[in-house]
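Visitor: Dropping a structure here in structure tokens format, bear with me for questions.
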Amino acid sequence: MAFKITNEWIVDIPDKFEHRVEDEKMIFWTPGITVIAAAFRVPENTNRIDLLSQIQGKIPTNHLEIFVSTKGELAGLGYTQVQKQKGEKDRLSLVTFTASDTSCPQMAYYLDDPQDLVWAQSVWEHILFQPSGS
């Protein structure tokens, strides 16, 4: 099902996911997977490449893998890492940023099963951007 993160960004999340809005973030969940989406404006006098370069400098040193994506007027950056919570099962996370020159959704996918990474990457790769006024 397609969900509007903002007026410009649409993400396709399967119907089996529950969802809610909390603290200006969209949260989707189903057993074994949680997805959190939040969008922000790109600062004035910054383009998408500059923004992602700044974000890349802040990627945690314990990341496992970094992904880069470009498609038309969009650029993306993502990374994986293991989330360790005391008393809970370790989870693989994929954190992604997809930037236009005006806005950027950040999405975090928390996965109980590392094999769900392929699904999470596919959701990220298929996020849709509709510029304002389109």
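Visitor: About the Cα centre of the chain, what is the dipole size in debye to 20, counting +1 per Lys and Arg Cβ and -1 per Asp and Glu Cβ, all else neutral? If you can, show how the numbers build up before the last one.
Guide: Working: 12 positive and 18 negative charges, 44 e Å.
The calculated dipole for the chain is roughly 200 debye.
Visitor: So how do Ser122, Ser93 line up by other beta-carbon neighbours within 10 Å, fewest first? Walk me through the numbers on the way to the answer.
Guide: Working: Ser122 10, Ser93 20.
Listing Ser122, Ser93 from fewest to most nearby Cβ atoms yields Ser122, Ser93.
Visitor: With all distinct Cα pairs included, what does the Kirkwood hydrodynamic radius of the range 2-129 come out to in Å, to one decimal, could you say? Walk me through the numbers on the way to the answer.
Guide: On the way: mean 1/r = 0.0665 Å⁻¹.
For the range 2-129, inverting the mean 1/r across all distinct Cα pairs yields 15.0 Å.
Visitor: Also, quick follow-up: What ranking of Leu117, Leu52 emerges when the number of other C-beta atoms within 10 Å of each C-beta is taken as an exposure proxy, fewest first? Kindly include the intermediate steps, with their values, before the conclusion.
Guide: Working: Leu117 17, Leu52 21.
Going from sparsest to densest Cβ surroundings: Leu117, Leu52.
Visitor: While we're looking at this one, here's another question. Of the residues Lys16, Lys86, Lys58, which exhibits the maximal mean-square fluctuation in a Gaussian network model of the chain defined by a 10 Å Cα contact cut-off?
Guide: Maximum fluctuation in the GNM of the chain, among the listed residues, is at Lys86.
Visitor: Next question. What Kirkwood radius, in Å to one decimal, follows from the Cα pairs of the range 37-110? Don't skip to the answer; put the middle values down first.
Guide: Values: mean 1/r = 0.0769 Å⁻¹.
It is 13.0 Å.
Visitor: Please list, in order along the range 59-65, the HN-Hα scalar couplings obtained from phi with the Karplus expression 6.51 cos²θ - 1.76 cosθ + 1.60 (θ = phi - 60°), rounded to whole Hz, x for Gly and Pro.
Guide: Karplus-based 3J(HN,Hα) across the range 59-65 equals 5, x, 5, 8, 5, 8, 8 Hz.
Visitor: Could you tell me which of rounded, prolate or oblate describes the range 1-59, using a ≥ b ≥ c as the square roots of the eigenvalues of the alpha-carbon gyration tensor, with rounded for a/c under 1.5 and, failing that, prolate when a/b is larger than b/c and oblate otherwise?
Guide: prolate
Visitor: Below 23 Å, Cα to Cα, which lysines can Lys89 reach? Residues fewer than 8 away in the same chain don't count.
Guide: Lys16
The numbers here are math on the coordinates, done by the rules we state, and not lab data. Keep in mind that what you see is a predicted model, and the values were worked out from it rather than measured. Here the Cβ is made from the backbone with ideal geometry for all residues, glycine too, and neighbour counts use every protein chain on show.
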